[in-house]
Structures are given as C-alpha cells and as structure tokens.
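Bear in mind that the values in this text are calculations on the coordinates, not laboratory data. Nothing here was measured: the structure is a model prediction, and the numbers come from that model. Cβ: placed from backbone, ideal geometry, glycine included. Neighbour counts: every protein chain shown.
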Amino acid sequence: MLAVLSGGTGTPKLLQGLSRLLEPRELAIIVNTGEDLEVSGMYVSPDIDTVVYTLAGIVNEETWYGIRGDTFLCHEMLKRLGEVEMLRIGDRDRAVKLYRTLLLKRGKTLSEATGMLCEKLGVEFRVMPMSDDRVTTSIVTESGKMSFHEFWVVRKAEDRVLDVKFEGVETARPAPGVIETLESAEAILIGPSNPVTSIGPIVSIGEIRRALCRRRGDVIAISPIIGDRPVSGPAGVLMKGLGYSVSPIGVAQLYRDFVGKFLVDYSDGHLAPAIEELDIKVVSTNILMPNHLSRIELARKVLELLKG
Ligand code: GDP
C-alpha cells in the first residue's frame, strides 16, 4: 500500500493518475485540514473535498475546487440577502458540506464523516483527515495575523509574510488509522503540494512527524516548485516569508528530516548535488501535470521508483 500526504491542488492531480493504476486497498490518502473553516454555518474542509471529488471523478479541474458543472444559485441568493461568503460555494458542493456538517452535529468525527462521504460518492480509496482535532493555519503578515483564506482568497497574497502558525497543532492527535497507515505502507509519498500550508500542518503533528522520520528511507516527495516558482498558488511567498529559497532546494530543506528521495523537474536536474548534500536522493523527471496523460505518466514513474 502507498500512503500519500495531500493538499488540495497539486497532489490531487497526481491522485488522478495513481487511482487509475492502483486498486483501492493499494492507496491511502492523509489530507491536510489546516484550512478547514466555517462558511454560512457549514463546516468546510477544502482539501478533503477536493481529494474526494477527484477520486469520485467529479472535481472541477479548472479550479481544483468544487464540483464540475455546479450551479451557484444559493451563493448568489445569499449575496442578494447581504451575506457575502468568503468562498464561492456551488449548490451541489454545498449539499456535500451541509451533509458533513449534519454528521458532525450528530456526533460523528471528521474521520467518520469523511468515510461516509466517500462511501456515498463511490470512492473506495481510503481518505483520512490528518486529525479529528481542529488545527487552524494562520498567516502572520505585516498587516496582522489572518486566516489562510483571508490571506490568499481575499487579499491575494499581497501582504508580506512574517510567519505561519498552526493553531492547535501541539495537542492535535493523528486521526484514527493515520499512524498505522504510515507504519504499514510500503512507501510514503508527499505529493506536489504547498510545503508550508498543505504539508506543513500534517508534518507539524508530533506523532506524524516522528512516524515519518522513522521511515525516512521510504518517504519520497515531489517538488511543487519548478525553477524559482510554484506551478500555482502562494507557496513562493510563504516559503520566502519563512526564510527559504523559492526553489526545489528550499523544499528539500523543509523536508530534510523525513524525506529520503526527491523528484524534481528535468529542468532542475542541475540542483541534484546541492540537494544530495542534505542526504536526499534526487530523481529528475517531468513533474508538470497539465493533463490526464501527464498525471498517469508521473504516477507510473513514482510506482516504478518505489519498486526500486
Ligand atoms: P492547495 O491546498 O489548493 O494549496 O493545494 P496543494 O497544496 O495540494 O497544491 C498546491 C501546490 O501544487 C502548489 O505549490 C503548486 O506549485 C503545486 N502544483 C500544482 N500543479 C502542479 C503540477 O502539475 N506539478 C507540480 N510538480 N506541482 C504542482
């Protein structure tokens, strides 16, 4: 079984490929919940939803957020009523979020609600939140501390980043099954996700970090940075704010304690000696996934590497 750590854009692209090549029992996904929030009375878990929608074949691949072909009648009506939602939530997507909120209100945990959602949407792969405890990512900027969504969606990452905090992480426990999955997996893959706000919260949970460190030789990561910029999203400004170079080397430095093998783009092959100084093996290949074919090809390459 391959265990994958995921955020909500880059890694789901790869999951499209991996899910074509692996049986449900051969793939388990541990998902960031640091960006979870409440919107209009609903518990929203953006990365879990994108991963589940991806595996259910219904994700909106233009935004990697929400359901393909969704309508926005409820969102527009709320706007007319003066309730401006921070996130634009589609009608069918809203039904899913409402369903999860109802389950949580009835006493289910986030893990249980995620399992039930997968079952209802026909997803057989195991999807787990990193934790059932609340961990909330905050971005400390020159204009003050704000949520990830305020920083990225509302203010378009225009504020200079000073620090990133994961509130609640010190006491958060891994969700049921997470440590067992990390211990029993043949290999662990850190997908091409934002190293600060998608992978950062997962690896900041003490028990998860220690489990990854114990398996360092079997942990492989894919760079979300090609050249000197991320393929999409705010990873660059966040890494810079924390004092890391915006390059695969910066990502390798963030991951050095628990990653043994690192996939970088062909065009970054010349960085291998600097990354290998961190005792991380480097493989260069095509890691850009603009379409289904490239996602399957990268997934195939990862599986070949794992076979040795
Ligand atoms: P978020 O939860 O929406 O921030 O999503 P993720 O953290 O999973 O994904 C965002 C990261 O994925 C960004 O840092 C991107 O650079 C990276 N990314 C997106 N598409 C690709 C791709 O095709 N290849 C690689 N290597 N990285 C990608």
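Summary table
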quantity	calculated
Rg followed by Dmax, in Å, when the range 69-117 is reduced to its Cα trace	12.8, 35
Amide H contacts under 5 Å for Val127, placed H, 5+ residues apart	Ile29
For the range 150-195: Kirkwood Rh in Å [reciprocal of mean 1/r, alpha carbons]	14.3
By average C-beta atoms within 10 angstrom, highest first, the peptides 301-307, 86-92	86-92, 301-307
Violating pairs (Cα-Cα greater than 23 angstrom) within the set Lys261/Lys307; Lys13/Lys145; Lys105/Lys156; Lys145/Lys240; Lys165/Lys240	Lys13/Lys145; Lys105/Lys156
Under-5 Å amide H pairs with Ala175, H placed in peptide plane, nonlocal only	Ser131, Asp132
Dipole in debye (nearest 20) - the chain, about Cα centre, beta carbon charges: Lys, Arg +1; Asp, Glu -1	280
Compactness of the range 174-308, expressed as Rg and Dmax over alpha-carbon positions, Å	14.3, 41
Principal axes of the range 16-78: Cα extent on each, largest first, Å	42, 26, 16
All-pairs Cα distance distribution in the chain, expressed in whole percent, bin size 20 Å	35, 60, 6
Share, in percent, of DSSP beta bridges within the chain that are antiparallel, nearest 5	40
Derived scalar couplings ³J(HN,Hα) [the range 23-28; Karplus, 6.51 cos²θ - 1.76 cosθ + 1.60; whole Hz; x for Gly, Pro]	7, x, 6, 9, 9, 10
Order of Leu21, Leu14 under a 10 Å beta carbon neighbour criterion, fewest first	Leu21, Leu14
Enclosed volume per residue, in Å³, of the convex hull spanned by Cα atoms of the range 61-205	158
